[in-house]
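Values quoted throughout were computed directly from the atomic coordinates according to the rules given, and no laboratory measurement underlies them. Since the structure is predicted, the reported quantities are computational estimates derived from the model, not experimental observations. Cβ coordinates were reconstructed from backbone atoms using ideal geometry, including for glycine residues, and neighbour counts include every protein chain displayed.
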Amino acid sequence: MVILHTETLKHWGGQQNRILIEAAGLNKMGHRVIIACRRGSVLALKAKEAGITVYELNMVKQAHLSNVPKLMRIIKNEGVDIVATHSSVDSWAGGMAAKLSGRRLIRFRHNLYPIGRDPLTRFIYAIPDKLIAISNTVRDTMTGYGLKRERIRVIPDAVDIKRFSPKTDGLRQELNIPPETIVIGNTSSFTKVKGQESLLQAFNILHEKQGQTPYALLFAVRLNEPMKSRFLSLVKEDLRSRVIFLGHRDDIPSVLKTIDIFVFPSMVEGLGTSLIEAMAMERPAAVSDISTFRDFIKDGVNGLFFRTGDPEDIAEKISYINGNVPLKTELGKNARTTVLERFTLDSMLDNTLTSYKEALNGR
C-alpha cells in the first residue's frame with residue numbers, strides 16, 4: 001500500500017510527530033509512506049533525515065489551486081492508494097487531488113477548534129472515505145458540529161515505548177543541574193492555549209512559599225529571543241537563572257528523564273502528545289483539569305489535576321507531589337502503565353492500517 005500524507009504547518013508539534021512516526025512505522029512494515037508538506041518545515045527536515053520521501057510545496061491557502069495539480073501528479077507518479085490529510089489548508093488541496101485522481105481519502109482531525117458550518121467546509125468534511133480523530137474529545141467536538149458519529153474512528157496518537165524508556169539517561173550532568181535540585185518541566189510548544197504563562201507564574205509562587213527547596217524550570221522548545229525574553233520577564237529577576245530554555249531537542253526521552261515533575265498546564269488540547277511521552281518515561285505529572293485529560297488521567301492515580309489557569313493551584317500540586325515520595329513514584333509507574341495499555345505505537349499502527357484497508361475495500 002502507498003500512502004500520501006499532506007500537512008500544512010511549518011513548526012513542530014504532536015500532529016507532525018504523529019505523521020512522522022506513522023510513516024516510519026508503516027514503511028518498516030513493508031508499506032510505502034510519502035509526505036507532501038510545507039516547504040522548509042520541521043516535518044520536511046525530520047522526514048528526510050528518516051529516509052522518507054518528501055515533496056515540499058507552497059502549502060498555504062493562497063496556493064490551493066496550484067497545489068491540486070501538483071498533488072495529482074505526485075499521486076499518479078508514486079502510485080498512491082490512500083491520501084491522508086491533516087490540517088485545514090492541506091485538506092482542501094489534498095482532498096480535491098485525491099477525489100479527482102480516484103483515490104481513497106482519509107481526513108485526520110487533531111484539535112478542538114471550531115468547524116465551520118458553511119457549505120464549502122461541510123463539503124470538505126463530506127468527501128473523505130473515513131474520518132479519524134485522535135481522541136474521544138476531538139470526536140465529540142466533531143459530532144457537536146454536525147458530523148455523524150458513526151463516520152468517525154478514534155485512533156489516539158502514540159509513543160514508541162522502546163524509545164521512551166525510563167532507563168534512558170538524563171541530562172543533569174550536561175546541564176550542570178545539582179542533584180538536590182527539583183526540576184519541573186514542560187516539552188510542548190509555546191502557544192497561548194498551552195498555558196506556560198501560568199507555569200512560569202507558579203514558579204514564582206513555589207519559591208515564595210518554599211524558598212528552602214531548590215527548584216529549576218526546564219523547557220524544550222524553539223523560541224526566538226523576543227519571545228524568550230517576554231516569557232522570562234514573568235519570572236522574578238532573582239529566579240531567572242533557574243529557568244532553562246533548551247530550544248528544540250531531538251533527544252526528548254533524555255530531556256524528560258531530567259525532569260522530576262512534568263507539568264502540563266494546557267487550557268485546550270486535542271490529546272497531548274508531550275504529556276503521553278512524559279507518562280511513558282514514568283514522570284509524575286500535574287495537569288490541567290480539562291475534559292481531554294479526564295479521559296485517561298485518574299486524579300491521584302496516574303496524575304494529579306490542578307485548576308486550569310490557576311498558578312496558585314499549580315504550585316500547590318507541584319509541592320504536594322514533591323513532598324510525597326511514595327505518591328511521586330506511584331504516579332510515574334501508573335502513568336507508564338496507562339501508556340502501555342492505551343497509547344502504544346504498535347496499537348496505533350495496527351488500527352490505522354485497518355482503517356486504510358477498510359477504505360480501500362469500500363467499508
Going toward the positive end of the dipole of the chain, with +1 on Lys and Arg Cβ and -1 on Asp and Glu Cβ, which of Val68, Gly14, Tyr320 do you reach last?
-> Val68
Quickly work out the Asn224-to-Gln173 label distance, labels modelled 7 Å from Cα along the C-beta direction, and quote it in nm with one decimal.
-> 3.8
Contour minus Cα-Cα distance for Gln62 and Thr354 (0.36 nm per residue) = 101.7 nm
Can you pull the semi-axes for the chain, root of five times each eigenvalue of the Cα gyration tensor, sorted largest first, whole Å?
-> 38, 20, 20
Which of the GluC sites (Glu not before Pro) across the stretch 166-230 are loop residues per DSSP, with 15 or fewer other Cβ within 10 Å?
-> Glu180
In the calculated pair distance distribution of the stretch 172-342, what percentage of Cα-Cα distances lie above 18 Å?
-> 57
The answer for trypsin sites (Lys or Arg not before Pro) in the stretch 97-170 that fall in a DSSP coil and have at most 15 neighbouring Cβ atoms within 10 Å is Arg117, Lys148, Lys162, Arg163, Lys167
Sort out for me the Cα centre separation of the stretch 1-39 from the stretch 291-325, rounded to whole Å.
-> 33
Please work out the C-alpha center-to-center distance from the stretch 78-154 to the stretch 184-211 and express it in whole Å.
-> 35
Which loop chymotrypsin sites (Phe, Trp or Tyr not before Pro) in the stretch 141-215, with loop taken from DSSP, have no more than 15 other Cβ atoms within 10 angstrom of their Cβ?
-> Tyr145
